[in-house]
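Right, one structure below, let's go through it.
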Amino acid sequence: MTEEEKVFKDPVHGYIYVHDPVIWALINTREMQRLRRIRQLGTSSVTYPGGDHTRFSHSLGVYEVIRQILLAFERNGYDWPHQLDRLAMVSGLLHDVGHAAYSHALEKVIGMRHERWSERIILDPATEVHQVLERVYPGFSQQVADVIGKRHANSLIVSLVSGQLDADRLDYLMRDSIFTGVDYGKFDLARIIRIMLPKEGKIVVRRSGLHTVEAYLLARYFMYWQVYFHPVSRSAEVLLRAILSRAQEVYATVFIPHPSLVGLFSGKIGLDDYLAIDDSVLMNAFNVWQKASDSVLADLCTRLVERHLFKYVEYPVSSPQVYQEISRDVERMGYDSRYYCLVDETGTVYYDYYLGEEGTSGKEGALFLWDEERGQLVEMSRLSKPISAIARERQGVRRLYLPQEVLEHPVVGPRIVQRIRQDRDTFH
């Protein structure tokens, strides 16, 4: 226990309570404090100005959700390994400690998911996080890394941190909904915690809570389409990816305003450089590169900084010939199609909605209700018509992003739209 209770005021949970000195020490490490400088939603603030909350506040929220769940399990006398409570709370707190700047866009440049970086930070003896963990007992850092990497022997702990009804989703849906100002992501978190229970190595919910869980899964669905895959937010991310791709190509010929960016773009990034890069470092680079000697990089950065985003057309058919024809039109207007003719699709979005047992990784990725009368687990979409309909949907959306000047050109714009329409009609 800490000498005194530590409390954070939080717009989602009211208060976040810290009693464990290990949790408090981890919160104050250099690696955790870095998350204050990384936005939770990346570029989404171009669409939702309030959506500029951070990975730090989300990480605290995940810890708090796990803390509340564990207290509920204890009150209800569930069969839960309470000797692993600290491991669960620490893993929840640190689940995003390795997150890249600007949400998930940077991961494509680096070529490694943030979960792997989290493990590296946790296991590297030079990090403050590792040193705090190893003071608990030798090997504790490996235990935490195994939970985050989904390798831990106790599947209950893993599913609490990373599953269909995990603390991560329970916090970010509520938090993202509140900060973006939309109502789609709200649900009864307190009741969900009350109806959760550990069963057969999984975190499940009582069948009596069917409609509460429906509301949660519908919130995921609506947040996906209205926030995470919003076409304007995606336009900003597409532009960001184009900037990073161009910078990677020309970094040797332009001024690099931060030394750690050299490691990033050369493909030789180490942990120290990775930890030095946050949203402010990248935004400073984008500001500087508005005057870069490379005209493509300068133009892309100016578009992002001044919010002159690409426009889009629905692009349901992936005919290579049509894309090549559109690319040639873009090139004839003086744009490099590699950076100014870009396809974005649902598969590139990190967030997702529930697709049922068949649409996830089988039983491990499904959400189950506990039917007390029959004494068995039942997959959610088998009992809920709305969730069954969503699970069957498998809706894929593709959009083609182009400069506004291209789509508004009196000849080129209509020709592009007509080509896509004709190809779609032929395909169907």
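Assign unit charges at the C-beta atoms only (+1 for Lys and Arg, -1 for Asp and Glu), then state the dipole size of region 6-228 relative to its Cα centre in Debye, rounded to the nearest 20.
With only Lys, Arg, Asp and Glu charged at Cβ, the dipole is about 180 debye.
So for Phe229, Phe8, Phe179, fewest C-beta neighbours within 10 Å to most, what's the order? Present the calculation step by step, with values, prior to reporting the outcome.
Details: Phe229 20, Phe8 15, Phe179 23.
Ordered from fewest to most neighbouring Cβ atoms within 10 Å, Phe229, Phe8, Phe179 come out as Phe8, Phe229, Phe179.
Rounded, prolate or oblate: which one fits region 6-228, using the alpha carbon gyration tensor with axes a ≥ b ≥ c (rounded when a/c is under 1.5, else prolate when a/b beats b/c, else oblate)?
Working: a/c = 1.59, a/b = 1.05, b/c = 1.51.
Oblate is the answer for region 6-228, as a/c is 1.5 or above yet b/c matches or exceeds a/b.
Give me the angle, in degrees from 0 to 90, between the Cα long axis of helix 412-427 and the longest principal axis of the Cα atoms of the chain, rounded to the nearest 10.
In the chain, helix 412-427 runs at an angle near 60 degrees to the longest axis.
Please name which of Leu35, Pro414, Ala190 has its Cα lying farthest along the dipole of the chain towards the positive end, using unit charges on Cβ (Lys, Arg +1; Asp, Glu -1) and the Cα centre as origin.
Pro414
What full-extension length gain, to one decimal in nm, is calculated for Arg30 and Glu345 as 0.36 nm per residue of separation minus the Cα-Cα distance? Each step should come with its number before you reach the end.
Numbers: separation 315, 0.36 × 315 = 113.40 nm, distance 3.57 nm.
Working it through step by step, the gained length comes to 109.8 nm.
How far is helix 279-289 tilted, in degrees, relative to the longest principal axis of the Cα atoms in the chain, given as a value from 0 to 90 rounded to the nearest 10?
The angle comes out at about 10 degrees.
When only alpha-carbon atoms count, how far does the chain stretch along each of its three principal axes, as whole angstroms with the largest first?
70, 51, 34
Is the shape of region 114-250 best called rounded, prolate or oblate, per the rule: a/c under 1.5 gives rounded, else a/b larger than b/c gives prolate, else oblate, with a ≥ b ≥ c the square roots of the Cα gyration tensor eigenvalues? Walk me through the intermediate numbers first.
Values: a/c = 2.52, a/b = 1.03, b/c = 2.45.
Here region 114-250 falls in the oblate category.
Taking square-rooted eigenvalues a ≥ b ≥ c of the alpha carbon gyration tensor, is region 1-105 rounded, prolate or oblate, where a/c under 1.5 means rounded and, failing that, a/b exceeding b/c means prolate?
It comes out prolate by the Cα gyration axes.
By how many degrees, between 0 and 90 and to the nearest 10, does the Cα long axis of helix 231-250 differ from the longest principal axis of the chain?
70
Please state the relative contact order of region 6-228 as a whole percent: Cα pairs under 8 Å, 6+ residues apart? Each step should come with its number before you reach the end.
Details: 314 pairs, mean separation 45.0, N = 223.
Value for region 6-228: 20 percent.
Measure off 7 Å from each Cα along the Cα-to-Cβ vector at Asn287 and Arg116, then give the distance between these two points in nanometres to one decimal.
3.3
Reachable lysines from Lys108, Cα under 19 Å, same-chain residues fewer than 8 places away excluded?
Leaving aside lysines fewer than 8 places away in the same chain, those within reach of Lys108 are Lys268.
Once phi is turned into θ = phi - 60°, what whole-Hz ³J(HN,Hα) does the Karplus curve with 6.51, -1.76 and 1.60 give for every residue of region 216-226, x standing for Gly and Pro?
These are the phi-based 3J(HN,Hα) values: 5, 5, 5, 4, 4, 4, 5, 5, 4, 7, 8 Hz.
Grab the DSSP H runs of the chain that are 4 residues or longer, score each as -39,500 (n - 2.57), total them, divide by all residues and round the 222 nm result to the nearest 500 deg cm²/dmol.
-15000 deg cm²/dmol
Run the numbers for Asp371 and Phe255: contour at 0.36 nm per residue of separation, minus the present Cα-Cα distance, in nm. All intermediate terms of the calculation are to be shown ahead of the outcome.
On the way: separation 116, 0.36 × 116 = 41.76 nm, distance 6.26 nm.
The Asp371-Phe255 span can extend by a further 35.5 nm.
Considering only Leu84, Leu271, Leu173, give the residue with the highest GNM mean-square fluctuation for the chain, with springs between Cα atoms whenever their separation is below 10 Å.
In this elastic network of the chain, the residue with the biggest mean-square fluctuation among Leu84, Leu271, Leu173 is Leu84.
Taking a cut-off of 29 Å between Cα atoms, list the lysines near Lys6, but don't count ones fewer than 8 places away on the same chain.
Candidates past the 8-residue exclusion: Lys186.
Just to confirm the filter: which trypsin sites (Lys or Arg not before Pro) across region 273-319 are DSSP coil and have at most 14 other Cβ within 10 angstrom of their Cβ?
Passing sites in region 273-319 are Lys291, Arg307.
Taken together, the values in this text are just the output of simple stated rules run on the coordinates, not laboratory data. If you're wondering where the values come from, they're calculated on a predicted model, not measured in any experiment. Here the Cβ is made from the backbone with ideal geometry for all residues, glycine too, and neighbour counts use every protein chain on show.
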